[in-house]
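The structure under discussion appears below in the form of structure tokens.
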Amino acid sequence: PELEGLRESLRHGEPFRALLRNQRKDGTAFVNDMQIYPLKDGGGKVTHFVGYHREGGTRPRASGESGIRGLPTWVREDRLTGLASRFYFEDVLKRDFALAQRDKTDIALLLFDIDQLGPYNEIFDRAAGDAVVKRVARAIAGSFRRGSDVVGRWEGASVIVLMHGTPADHVIQHATTVAHRVREQQIHHPRSTQRYVTVSGGVAIHTARPEDTAEIFLRAVESAVSRAKEQGRNRIIVAEESDFC
């Protein structure tokens, strides 16, 4: 099915990613993580494909530094923050989620959203708001230095992190520490009850249940962030069992 999907994507000029079983020259098997991306001319016609392969067990580096030299920067990096783009992060998450399911290992998602960025923009304008996003994104990314951690910009005011092989209690404690670091930057916010720019965060930990999907995993961490906002902001909430339904 994966090979047929590849053929269809090539025929229609669409991006494609799959995990393929392969063999080395010595006969040992390995999982091949293969991706292709179409490149188009000014008229929208596909002229080339960028493609790369790597062993499925390897991980991209943090803060959008994928270590994949063949992938164009505009595909893998968010233009404002320099973190992994949402498109690239979603691809990595789907790949790593499938590996976690197969290997029965735990992975964790952390989602941080800047509190009351809209009112901040109303006071200081959009350019000032973008500067806050960049500064907060830098602070969060600097807190995840392991090569296995992936940090990306999820949407306007949100930064998302994928962690591997970390005990649940350590993940939750680290997320709380990151939120404190953001507040300790003391970026003045006239309309915040905290006086400074803060973040609300959610944590979702996947324990390799066969019925779960990457999409359910994402919805769970987004639900946790929503509850953090409802409960007063500037706090970390852990996704509950019901969030994974």
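The values are calculated or read from the model by the stated rules, or taken from the named source; none is laboratory data. The shown structure was predicted, so the numbers you read here are calculated from the model rather than taken from an experiment. All Cβ positions, even for glycine, are placed from backbone atoms using ideal geometry, and neighbour counts span all protein chains on display. All accessible areas refer to the heavy atoms of the entire protein, side chains included, with ligands and DNA or RNA removed. Shrake-Rupley method; radii C 1.70, N 1.55, O 1.52, S 1.80 Å.
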Single condition residue 15 does not satisfy, out of (1) farther than 19 Å from residue 150 by Cβ; (2) touching a Pro at 6+ places or on another chain (Cβ under 7 Å); (3) not small (Gly, Ala, Ser): (1)
Scope the range 167-189; condition closer than 26 Å to residue 87 by Cβ and surrounded by fewer than 17 Cβ atoms within 10 Å (Cβ to Cβ); matching residues: none
Any hit, the range 146-157, residues being open to solvent by less than 50 Å² (accessible area, probe 1.4 Å) and free of Cβ contacts under 8 Å to residues at least 60 places away in the same chain: yes
Leading residue by the ranking (farthest from residue 83 (Cα to Cα)) among those in the range 133-147 that are of a type in the set (A, V, I, L, M, F, W, C) and in contact with a Leu (Cβ under 7 Å, 6 or more places away or on another chain): 133
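Table: residues versus (1) in contact with a strand residue (DSSP E or B) (Cβ under 9 Å, 6 or more places away or on another chain); (2) part of a helix (DSSP H, G or I); (3) at pLDDT 95 or above; (4) hydrophobic (A, V, I, L, M, F, W, C).
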residue	(1), (2), (3), (4)
102	yes, yes, no, no
131	no, yes, yes, yes
159	yes, no, yes, yes
166	yes, no, no, no
175	yes, yes, yes, yes
182	yes, yes, yes, yes
Given (1) open to solvent by 50 Å² or more (accessible area, probe 1.4 Å); (2) in contact (Cβ under 8 Å) with a residue 40 or more places away in the chain; (3) over 19 Å from the mean Cα position of the chain (by Cα); (4) farther than 15 Å from residue 229 by Cβ, index of the condition residue 194 fails: (4)
